[in-house]
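Here the structure comes first, spelled out in structure tokens, and everything after it is commentary.
Each reported figure results from applying straightforward, stated rules to the coordinates on display, with no laboratory input. Since the model is a prediction, treat every value here as computed from it, not as a measurement. Cβ atoms come from the backbone with ideal geometry, glycine included; neighbour counts cover every protein chain shown.
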Amino acid sequence: MVQPATSWKEEIKDGEAVAFEAYAERLGAMQKEVAGDGSPMRALHAKGNLGVQAMFTVLPDLPEHARVGLFAEPSTYKAYVRYSNGAVKRQHDKAGDVRGIAIKVLGVRGKKIIPGMEDATTQDFLMIRSRTMPFRSVREFVEVVTAAAGSPLLALPKILWALGISRGVGLLSQLSRGLSVPMTSLATTTYYSPAPIRVGEYAARLQLSPGAKPDGPLVTRDADYLGKELTSRLEKDEVTYDFQLQFYTDDANTPIEDPTRAWSDEHSKPLTVARLTLNKLDADGARKTKVSDLCEGFSFDPWHALEAHKPIGELMRARNPAYRISTVTRKAKPEPDGKELA
């Protein structure tokens with residue numbers, strides 16, 4: 001195994017910040033357009049499958065390069081977890097879609113990144129089902145997402161016009177293959193961050209590996225079967241995951257700025273640094289609903305982070321203004337302090 005290195009660098013292009021603000025405004029306009037006369041939902045990951053409470057336990061005896069920020073000392077934190085489908089609109093769980101998980105760890109001391117929220121006590125981690133993203137740039141992502149959110153008849157012409165026929169067809173084909181992978185259970189899925197964060201002077205992608213095993217194919221016509229399947233599991237027992245860091249080693253094998261490239265486990269083996277345990281659900285239906293409603297109201301943002309865990313890479317930098325606008329547009333709840341359910 002190659003040892004983690006601190007030689008990583010970001011490649012920030014001239015005019016990038018201005019471009020990212022413009023992209024964020026386009027996504028915000030899309031968010032309002034999709035809402036119509038109703039209340040705006042999230043710009044992406046509009047449908048929440050389930051929101052639950054959890055415990056996030058940092059493990060002891062970690063190697064020195066991992067003992068940074070949230071992982072500096074063994075400890076257990078309360079957390080909220082939101083599962084979601086990635087589309088801009090709510091749709092049947094059988095539809096091809098990106099699947100996401102967002103973790104909000106509570107009671108985290110230390111200075112945070114976002115101006116005006118330096119004293120917040122939350123640390124967020126966001127992951128999706130795929131190791132990579134097919135988009136070569138933020139521009140490609142915005143063109144495809146905004147086109148897909150509009151008229152189905154105009155989506156393809158808009159994408160081909162914006163990206164060119166060859167690139168547009170190739171990208172859509174790649175997207176179709178990735179989104180068509182069947183989803184049977186949120187509890188048995190592995191989640192990844194295709195873009196890295198800082199771990200002090202090091203950089204790492206995230207991985208969430210499930211402890212639960214698949215039960216076999218799930219046959220259902222229920223539009224919300226993913227959340228219901230996870231609810232059924234949690235009514236019987238806790239659900240656990242290993243929270244892992246996959247460290248940067250070199251530009252060739254672990255590129256910082258390229259989310260289309262997977263970081264292989266063989267070259268940079270994921271290191272388990274914490275355990276995420278979803279709390280068993282009790283019989284109090286009102287409490288379960290309240291927790292899920294709270295998670296729908298919160299903003300989950302990779303920039304809700306300690307300075308030691310600053311998001312890095314083009315994709316992450318672009319998410320900074322995009323999440324700000326989305327949060328304001330839908331009037332998200334303030335950051336929680338753990339007393340919401342008292």
Write out the trypsin sites (Lys or Arg not before Pro) in region 269-340 meeting two conditions: DSSP loop, and at most 12 other Cβ atoms within 10 Å of their Cβ.
Lys331, Lys339
Compactness relative to 2.2 N^0.38 Å, alpha carbon Rg of region 47-196
1.27
For region 169-273, state the semi-axes of the equivalent ellipsoid (square roots of 5 times the eigenvalues of the alpha-carbon gyration tensor), sorted largest first and rounded to whole angstrom.
30, 20, 10
Among (1) 185; (2) 171; (3) 148, the entry matching volume of the Cα convex hull per residue in Å³ as calculated here is (3)
Which one, Leu294, Leu153, Leu206, has the greatest fluctuation when you compute a Gaussian network model over the chain with C-alpha springs under 10 angstrom?
Leu153
Taking placed amide H atoms and a strict 5 Å upper bound, the residues 5 or more places from Lys333 or on another chain that come that close are Phe298, Ser299
Residue with peak Gaussian network fluctuation, the chain [Cα springs, cutoff 10 Å], from Ala322, Ala223, Ala43
Ala223
So which of Lys13/Lys158; Lys288/Lys339; Lys78/Lys112; Lys112/Lys290 end up more than 24 Å apart by C-alpha?
Lys13/Lys158; Lys112/Lys290
With each pseudo-label sitting 7 Å past Cα toward Cβ, what's the Ala35-Asn253 distance in nm, one decimal?
4.7
Normalized C-alpha radius of gyration of region 184-342, against 2.2 N^0.38 Å?
1.19
In Å, the Kirkwood estimate of hydrodynamic radius for region 1-108 over Cα pairs equals 17.8
Spatial separation of Cα centroids for region 101-128 and region 250-287, in angstrom:
17
What is the dipole size for the chain, taken about its Cα centre, with +1 at each Lys and Arg Cβ and -1 at each Asp and Glu Cβ, in debye to the nearest 20?
760
Estimated vicinal HN-Hα couplings, Hz - region 229-244 in sequence order (Karplus 6.51, -1.76, 1.60; Gly, Pro = x)
5, 5, 4, 4, 5, 6, 6, 9, 6, 5, 10, 10, 9, 8, 8, 10
